[in-house]
Amino acid sequence: MKKNNVFVLAQKEAADHLRDPGFLVLLATYTAIIFASTYMYGSMEHQNNSTLLSSINIQMISRFTPLIGIVLGFDAVVREQKSGSLNVLLTHPLFRDNILAGKLLGSMLLAASIIIFSVFVSVGTLLIFFGLELRETDLLRIAAFTLLTFFYVVIFLGIAILISTIVKEATDSLTYNVVIWLFICILFGAILKTLVSIFTGQTPNESVLLTHLLNLSPLHHYGEAIIGRADLSFMGVNMESTIGGIFDTRYSLSQCLREFRMNIIMLILMPVVLFIIDFIAFLRKDLTL
Amino acid sequence: MNMEIRSTELEQNKIKPRTDEFAIETLNLSKSFGKEKEIRAVKNLNLQVKKGEVFGFIGPNGAGKTTTMKMLIGLLEPDEGSGKVEGFDIVREVINIREQTGMLPEPAGFYDNLTARQNLRFYAKLYNIEPDIREKRIENLLETVGLAHAIEQKIGGFSTGMRKRFGLAQALINEPSVLFLDEPTSGIDPLGAQRMRKLIKDLNKSKGVTVFLSSHSMEEVEEICDRIAIISKGKLLVIGSIEELRDIFREKEGIHYLLEIQELSLTEAAKIIKNTEGVNALEIQDRTLRLHAKMNIRTEIAKAIKKAGGTISMFEEEAMNLQKLFLKIIEEK
């Protein structure tokens with residue numbers, strides 16, 4: 001792999017997104033959603049004398065942040081192939097895996113920047129409008145939260161790039177990605193609970209099968225790691241945890257990380273596996289026109 | 001000698017061990033597609049392209065031209081056979097080949113949201129070209145291809161002709177010694193095509209760049225190529241200069257001559273020529289005699305006319321253009 005060319009491609013990928021007016025509009029919308037939802041949630045929590053960490057609107061973040069990964073990746077390969085620019089790019093001195101590595105790296109850097117920015121917006125909103133206290137220990141928990149959110153988003157980036165490699169049209173890729181997002185982030189828990197109830201006759205709370213099946217969802221692992229055992233009913237993560245996640249200040253951060261290590265491992269493993277599949281699909285595909 | 005034997009000689013017998021003489025060499029290069037490799041795109045292709053020549057690679061649609069080019073630049077791996085570009089193996093040394101070559105593929109897409117300068121800057125970075133050298137080179141290249149005025153314009157606004165010329169500039173960003181051009185003038189108007197041809201010729205002359213060009217325009221190939229290869233259904237049919245290809249047909253089908261004669265009536269001249277050995281047919285067309293001979297009998301005719309007191313004011317061979325040669329070769333094979 002030619003490292004220099006991977007960075008050149010990554011730089012271009014990130015710059016392309018930042019030059020794209022559509023992407024900037026989506027970014028602005030996302031920031032507005034984060035700000036508004038944090039403000040609304042914060043004002044509710046403020047009345048209950050909550051801490052800064054418990055005032056971060058995880059439900060909104062877990063639902064909408066995956067869209068960053070989708071927007072960054074849904075047309076990454078198919079757009080270049082359709083336009084013929086991949087045809088030209090491949091005639092220059094780089095390996096095929098350089099191209100995908102560059103795209104992934106560029107998108108990941110941009111995703112990281114956006115997540116960090118959105119965390120700043122969330123925390124900033126709570127600090128400025130509600131005067132909540134930011135303790136030193138909170139900083140580490142916020143850093144861990146940012147990192148886990150990054151892995152969570154990168155899972156959707158991996159899925160988006162995979163679909164972009166397989167399909168022939170960018171619009172198809174967007175449709176499939178949105179369907180997957182809806183399924184994972186909005187409907188998965190509800191569908192699963194319903195199916196388990198119908199087929200096993202058990203209530204969701206007593207079903208071991210449901211617990212196993214929930215492990216397939218990145219949202220489940222993300223939700224558990226951040227806020228503890230989550231209730232994944234309709235509309236995604238609900239804040240009815242019984243065991244706190246990394247935001248549970250009753251325990252030290254290291255205790256929380258140990259408690260939810262399996263969720264964290266899954267959040268790291270899922271993108272790695274997806275990236276491997278992405279590379280295999282990309283290297284096997286006839287990319288020339 | 002029939003064409004089959006001649007072309008076989010040209011294809012097979014000239015294969016020599018690698019020397020510095022050749023920019024491109026292939027030996028029994030083959031490529032098939034399909035689940036069971038049932039579609040043979042290229043079959044046992046043997047080519048040698050000399051350094052510094054403009055080599056035309058022509059054939060009907062689906063003949064295997066683009067597949068061959070893709071194999072030569074390492075975009076496709078051959079199933080059998082081998083090849084070298086500038087001495088580098090087309091399977092094991094792909095990156096070295098791409099460092100040494102430039103290619104304008106068909107179709108060629110660029111980054112429409114970027115300006116001409118930004119596009120070329122991106123490609124230049126892939127070669128690690130120093131920034132100051134890179135910027136100068138970008139300006140020079142765009143000047144060369146006549147796009148200096150559009151350096152800060154987005155590619156998305158370029159016409160087809162401008163895009164083709166830009167494509168040539170991107171292929172030259174690394175100052176290649178071999179240039180692969182896949183139908184460089186397709187889709188552009190005659191004026192644009194002429195401009196492109198001139199650019200290719202100038203590049204070849206001024207910088208000694210070896211050009212490997214595929215085209216459907218026989219006029220273009222005839223105008224700029226030193227040698228050509230005709231390929232059909234993945235198989236090389238003939239290879240050589242256009243004059244060499246004409247020779248094949250001269251030997252096979254004879255030669256047509258046009259003559260204008262002074263100091264003798266056309267009827268008298270016709271009688272004399274008809275009696276010359278080797279003349280197959282003769283007809284009078286206005287003030288010209290058109291004759292068909294089995295072989296080159298220029299000297300014999302000139303002698304006979306001179307002996308009869310006539311003077312030849314025009315004696316031309318009706319040379320077969322590449323279009324006709326191409327069609328005949330394809331039909332025969």
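The values are calculated or read from the model by the stated rules, or taken from the named source; none is laboratory data. All figures in this text were calculated on a predicted structure; none of them were measured in a lab. Here the Cβ positions follow ideal geometry from the backbone for every residue, glycine too, while neighbour counts run over all protein chains shown. Heads up: the accessible areas ignore ligands, DNA and RNA and are worked out on the full protein's heavy atoms, side chains in. Shrake-Rupley method; radii C 1.70, N 1.55, O 1.52, S 1.80 Å.
List of remarks:
- With a Förster radius of 41 Å applied to the beta-carbon distance between residue B:207 and residue B:28, the computed FRET efficiency rounds to 0.80.
- Beta bridges per DSSP, both residues in the protein assembly as shown: antiparallel share near 70 percent.
- With a simple spin-label model that places each label point 7 Å from the Cα along the Cα-to-Cβ direction, the separation between residue B:253 and residue A:262 comes to 8.1 nm.
- Overall form of segment B:96-136 per C-alpha gyration tensor (a/c, 1.5; a/b vs b/c): oblate
- Ranked order, A:164, B:265 - accessible area, probe 1.4 Å, largest first: B:265, A:164
- Cα gyration tensor shape for segment B:183-229, rounded if a/c is under 1.5, else prolate or oblate: oblate
- Here each label is just a point 7 Å from Cα along the line to Cβ, and for residue B:112 and residue A:284 those points are 3.1 nm apart.
- Each helix, a run of at least 4 DSSP H residues, gives -39500 (n - 2.57); summed and divided by the residues of chain A, these come to -24000 deg cm²/dmol at 222 nm.
- Over 44 Å [Cα-Cα, the protein assembly as shown], rounded percent: 42 percent
- Spherically averaged projected area of segment A:3-284 from its Cα convex hull (nm²): 16.0 nm²
- Charge tally for residue B:74 (other residues, Cβ to Cβ under 12 Å; Lys, Arg +1; Asp, Glu -1): +1.
- Only beta bridges with both residues in segment B:3-240 are counted; by DSSP, about 55 percent of them are antiparallel.
- GNM on chain B, alpha-carbon springs under 10 angstrom: the most fluctuating residue among B:248, B:133, B:95 is B:133.
- Pair-distance distribution P(r) for segment B:202-274, from all Cα-Cα distances in 5 Å bins starting at 0: 3, 11, 15, 15, 14, 10, 8, 9, 7, 6, 2 percent.
- Note on surface exposure: B:163, A:19, B:92, B:298 rank B:92, A:19, B:298, B:163 by accessible area, highest first, 1.4 Å probe.
- Between the beta carbons of residue B:20 and residue B:154, assuming R0 = 56 Å, the FRET efficiency works out to 0.85 to the nearest 0.05.
- Exposure of residue A:194 as accessible area (Å², to 10), given a probe of 1.4 Å and all protein chains: 80 Å²
- Measuring nothing but alpha carbons in segment B:254-320 and taking Rh as the Kirkwood radius, the Rg to Rh ratio lands at 0.91.
- For chain A, the longest piece that avoids every one of the GluC sites (Glu not before Pro) found in DSSP loops with at most 16 other C-beta atoms within 10 Å covers A:1-132.
- Computed over protein heavy atoms with a 1.4 angstrom probe, the accessible surface ordering of B:292, A:17, B:216, largest first, is B:216, B:292, A:17.
- Shape of segment A:1-92, Cα gyration tensor, a/c cut at 1.5: prolate
- Residue among B:115, B:276, B:73 farthest towards the positive dipole end of the protein assembly as shown, charges placed on Cβ: B:276
- Helix B:160-171 vs. chain B, principal-axis angle (Cα, 0 to 90°, nearest 10): 70 degrees
- Here residue A:265 sits with roughly 80 square angstrom of accessible surface, probe radius 1.4 Å.
- Our helix-only sum for chain B, with -39,500 (n - 2.57) per DSSP H run of n ≥ 4 divided by its residues, gives a mean residue ellipticity at 222 nm of -11000 deg cm²/dmol.
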